[in-house]
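The values are calculated or read from the model by the stated rules, or taken from the named source; none is laboratory data. Bear in mind the structure is a predicted one, so any value in this text is a computation, not a measurement. All Cβ positions, even for glycine, are placed from backbone atoms using ideal geometry, and neighbour counts span all protein chains on display. Quick note on the areas: whole protein, heavy atoms, side chains included, nothing else; ligands and nucleic acids left out. Shrake-Rupley method; radii C 1.70, N 1.55, O 1.52, S 1.80 Å.
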Amino acid sequence: MSHNSTILGIESSCDDTAAAVIHNGVILSNLMATQDVHRKYGGVVPELASRAHQSNIIPVIDEALKIANMSLQNIDAIAVTQGPGLMGSLIVGLNTAKGLSIAINKPLIGVNHLQAHVAALFIDHQIEFPMLCLLVSGGHTQLIMVESFHQMNIVGNTIDDAVGEAFDKGAKLMNLGYPGGPIISKLAENGNPNTYSFPDSQTQNLDFSFSGIKTSLLYFLRKQIENNTLFLEQEISSVCASYQKCLIDMLCKRLTKGIKQFNPKSIGLVGGVSANQPLRAEFAKIALKYNIPSYIPKFEYCTDNAAMIAIAGSFLHQSGSHLKISDLPYTRS
Ligand code: KG4
Ligand code: ZN
């Protein structure tokens with residue numbers, strides 16, 4: 001991928017403030033300020049997120065430019081997450097980008113956060129299309145048929161929670177902390193994944209559902225408390241390993257069904273949950289079984305980041321897709 005442009009990417013849809021610079025298809029810097037204020041609440045508090053974005057955003061952009069050895073004058077366009085996400089968080093990123101775009105008189109590009117997660121794959125890979133991409137994040141779980149950057153069709157979607165939410169809420173139920181995905185997968189390393197079983201929900205076609213498994217974990221934990229079954233650390237690890245395995249099985253079942261239905265040339269795995277090692281391993285097994293190329297972004301491009309916004313921005317810039325100053329953020333995909 002070598003678009004002849006230098007783009008500043010800005011991401012602020014949830015609780016990470018991020019900025020990156022891409023130059024002719026190469027990521028020169030990719031910076032992120034994570035917000036620790038949410039940890040004690042066990043989830044993102046929107047008002048606190050927007051306040052933290054407001055204080056982080058200029059220093060993060062400055063640093064991203066500095067590392068890339070660029071000044072604002074070298075930037076051809078500014079790409080920013082327009083949605084979906086938290087309104088207060090998106091407004092900080094979008095308005096900062098608008099201000100910069102007016103200041104340097106360069107175009108403003110609105111990026112769809114989900115399309116950017118998929119575009120993260122284009123940073124380091126030459127993709128064979130059509131690709132069936134499994135997008136797994138804290139807010140979304142989708143199967144997407146990707147014909148090109150500009151043509152992506154959602155062919156499967158969650159009807160309730162996202163898989164990342166199932167990890168986060170599961171960890172909250174077990175009092176393990178936030179964000180739950182990395183914590184559960186760390187504990188799971190010492191557990192036996194075949195100890196407990198949590199049921200999959202029946203869904204139509206390629207759709208997903210994760211509210212049932214979360215409730216069954218809740219009932220399971222309640223029963224342990226009622227029965228006064230003391231949880232040793234080893235047992236918690238096995239609960240985590242079993243819960244994680246069931247979530248991964250639910251994802252892989254739909255992915256496999258999608259491969260059979262659409263016969264894609266390749267498969268992709270993107271979004272924050274794609275940082276999960278056992279999921280990456282199962283995904284690789286599926287690719288091997290069906291003998292198709294498979295792509296996963298580098299770890300730093302899996303969870304929310306601005307490099308993916310910058311690369312998506314370079315595609316949109318090339319096709320002349322720019323925002324007006326009156327354009328607003330959107331909270332739903
Ligand atoms: O893509 P992302 O950074 O933000 C959204 O767009 O939502 O995804 C965040 C989600 C969280 O739910 C987090 O628990 C999950 O990704 N996550 C993981 C892992 N690392 C992050 N889930 C499972 N295993 C991991 N290693
Ligand atoms: Zn995301």
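Computed quantities for the displayed model
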read-out	value
Verdict on Ile325 being buried (at least 17 other Cβ atoms within 10 Å of the Cβ), over 15 Å from the mean Cα position of the chain (by Cα) and of a type outside the set (Asp, Glu)	no
Residues of the stretch 141-182 classified as more than 10 Å from ligand 1 (Cβ to nearest atom), of a type in the set (Gly, Ala, Ser) and within 18 Å of the chain's Cα centre (by Cα), total	1
From Ser185, Ser197, Ser201, residue being of a type outside the set (Asp, Glu) and within 15 Å of ligand 1 (Cβ to nearest atom)	Ser185
Filtered residue count, the stretch 230-286, keeping only those that are of a type in the set (Val, Ile, Thr) and within 16 Å of ligand 1 (Cβ to nearest atom)	4
Within the stretch 266-317, considering residues that are of a type in the set (Ser, Thr, Tyr) and away from ligand 2 (no atom under 14 Å from the Cβ), the one most open to solvent (accessible area, probe 1.4 Å)	Tyr290
Matching residues, the stretch 117-140, being more than 12 Å from ligand 1 (Cβ to nearest atom) and either touching an Asp or Glu at 6+ places or on another chain (Cβ under 7 Å) or small (Gly, Ala, Ser) (or both)	Ala119, Phe129, Pro130
Subset of the stretch 25-49 (residues that are crowded, with 18+ Cβ neighbours inside 10 Å and of a type in the set (S, T, N, Q))	Ser29, Asn30, Gln35
Given (1) part of a helix (DSSP H, G or I); (2) farther than 26 Å from Asn263 by Cα; (3) open to solvent by less than 50 Å² (accessible area, probe 1.4 Å), number of the condition Ser55 does not satisfy	(3)
The stretch 1-39 - residue that is away from ligand 2 (no atom under 16 Å from the Cβ) and β-branched (Val, Ile, Thr) and, of those, nearest to Ser321 (Cα to Cα)	Ile7
Ser216 being crowded, with 16+ Cβ neighbours inside 10 Å and without any contact (Cβ under 8 Å) to a residue 40 or more places away in the chain	yes
Only listed residue being within 30 Å of Gly181 (Cα to Cα) and not in a helix (DSSP H, G or I), chosen from Leu114, Leu134	Leu134
Hey, Ala166 open to solvent by less than 10 Å² (accessible area, probe 1.4 Å), at pLDDT 95 or above and in contact with a Lys or Arg (Cβ under 8 Å, 6 or more places away or on another chain) or not	yes
Residue in the stretch 85-96 that is open to solvent by 20 Å² or more (accessible area, probe 1.4 Å), touching a strand residue (DSSP E or B) at 6+ places or on another chain (Cβ under 6 Å) and away from ligand 1 (no atom under 15 Å from the Cβ) present	no
Neighbours by Cβ (under 7 Å, 6+ apart or cross-chain): first from the stretch 96-107, polar (S, T, N, Q); second open to solvent by 30 Å² or more (accessible area, probe 1.4 Å)	Ser101/Pro107
